[in-house]
1. When a/c reaches 1.5 or more, the comparison of a/b and b/c decides; with that in mind, is region 32-140 rounded, prolate or oblate per its Cα gyration tensor?
2. Which of the peptides 229-235, 167-173, 136-142 is most tightly packed, and how do the rest follow, going by the mean number of other Cβ atoms within 10 Å of each residue?
3. Classify region 174-271 as rounded, prolate or oblate from the Cα gyration tensor: take a ≥ b ≥ c as the square roots of its eigenvalues, call it rounded if a/c is under 1.5, otherwise prolate when a/b beats b/c and oblate if not.
4. Where the centroid of each part is defined by its Cα atoms, how far is region 181-212 from region 15-57 in Å?
5. Report, for the chain, the % of DSSP beta bridges that are antiparallel, rounded to 5.
6. Using a cut-off of 12 Å between beta-carbons, work out the net charge of the residues near THR106 (Lys and Arg +1, Asp and Glu -1, THR106 not included).
7. Compare ASP277, ASP8 by solvent-accessible area with a 1.4 Å probe and give them largest first, with all protein chains kept in place.
8. Kindly flag which residue pairs out of LYS52/LYS96; LYS11/LYS300; LYS138/LYS251 have an alpha-carbon separation exceeding 28 Å in this structure.
Amino acid sequence: MACTLNQDEIKSVKGLGFLNNKGTNRFNGRIITTNGKITAEQTACIAQAAEKYGNGEVAFTARMTVEVPGIEYKDIPAFREFIAQSGLETGGTGAKVRPVVSCKGTTCQYGLHDTFGLCEEIHHRFYEGYHDVVLPHKFKIAVGGCPNNCVKPDLNDLGIIGQRVPSIDKEACRGCKKCQIEAVCPMNAAKVQNGILEIDQELCNNCGRCSDKCYFGCNKNAKSGYKIYIGGRWGKKTAVGKTLSKIFTSKEEALSIIEKAILLFKEQGKNGERFSDTIARLGFEQVEKELYSDDILKRKEEILHG
Ligand code: SF4
Ligand code: SF4
Ligand code: SF4
């Protein structure tokens, strides 16, 4: 049957995460997964909802949400109630903080931190916490476990990845013939020179693979942290995010940078521009300066409700 709904009706449910199946009165219901992970019970609930209200199919999006196609406009409230029984909700559209994506760093052999845990924290604090905050454009966040960048953090408005920064105790280094750190380094950043291991900071990406490799504990003080990219995007236009110069050694510090970036975008972004455009207009150095200062947090109430 052809679409008999008007544009206002279609728009009103888009904000709830229901996207019109072109030329029909049916919709894809977009279910948020918090961090790309759902339980077996939630999976069964989505399957039942797809049978009961949709066309029996379930589609996975590139940003780790789950869509159920073929839901009739009139069934949208019942569909939402049904999935709410398993703690699931729809959403993820509009000029807002979008659902956060994560790689499987929590369990991956290369993961340097609990990506699912951090992603969930970002989801609660910034996807849910800033849900009513309308931004100049969408704002996408990705959480990666290591510099392998599987989740493409540098193509998001803000990307955060795990780091382990080597800290070589040169006094303890014995200049071994076969240095274990040199052998394991995938970036060829580590080299024994004049009897001491040296790390080329330009080449080292803080992947942490050398952390526990030296038999003599030369790198036992390697430090964990987070690297943050800002201003990436993928779509009609593309931009690769630039790395902030600091490595953030505490999770709270990294979360605070995310909040400041969202506030800065809200305050200084022009309607319709992505964060990458705002950064290009203001200048990366200026944006970095504002993110390192807490002034913008002092203006939070004014920015959000002024
Ligand atoms: S980015 Fe690193 S931690 Fe995440 S899935 Fe890829 S290899 Fe694993
Ligand atoms: S860092 Fe450790 S393994 Fe490498 S040369 Fe020094 S002592 Fe040997
Ligand atoms: S952290 Fe990774 S890239 Fe840097 S020296 Fe160690 S193994 Fe090489």
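1. oblate
2. Going from most to least packed, we get 136-142, 229-235, 167-173.
3. Values: a/c = 3.96, a/b = 2.35, b/c = 1.68.
Here region 174-271 falls in the prolate category.
4. Computed from Cα coordinates, the inter-centre distance equals 47 Å.
5. 75
6. 0
7. Accessible-area ranking of ASP277, ASP8, largest first: ASP8, ASP277.
8. LYS52/LYS96; LYS11/LYS300
The values are calculated or read from the model by the stated rules, or taken from the named source; none is laboratory data. As the structure is a computational prediction, the values presented were derived from the model and not from experiment. As a convention, Cβ positions derive from the backbone with ideal geometry for all residues, glycine included, and neighbour counts pool all protein chains shown. Only protein heavy atoms, including side chains, enter the accessible area calculation; ligands, DNA and RNA are left aside. Shrake-Rupley method; radii C 1.70, N 1.55, O 1.52, S 1.80 Å.
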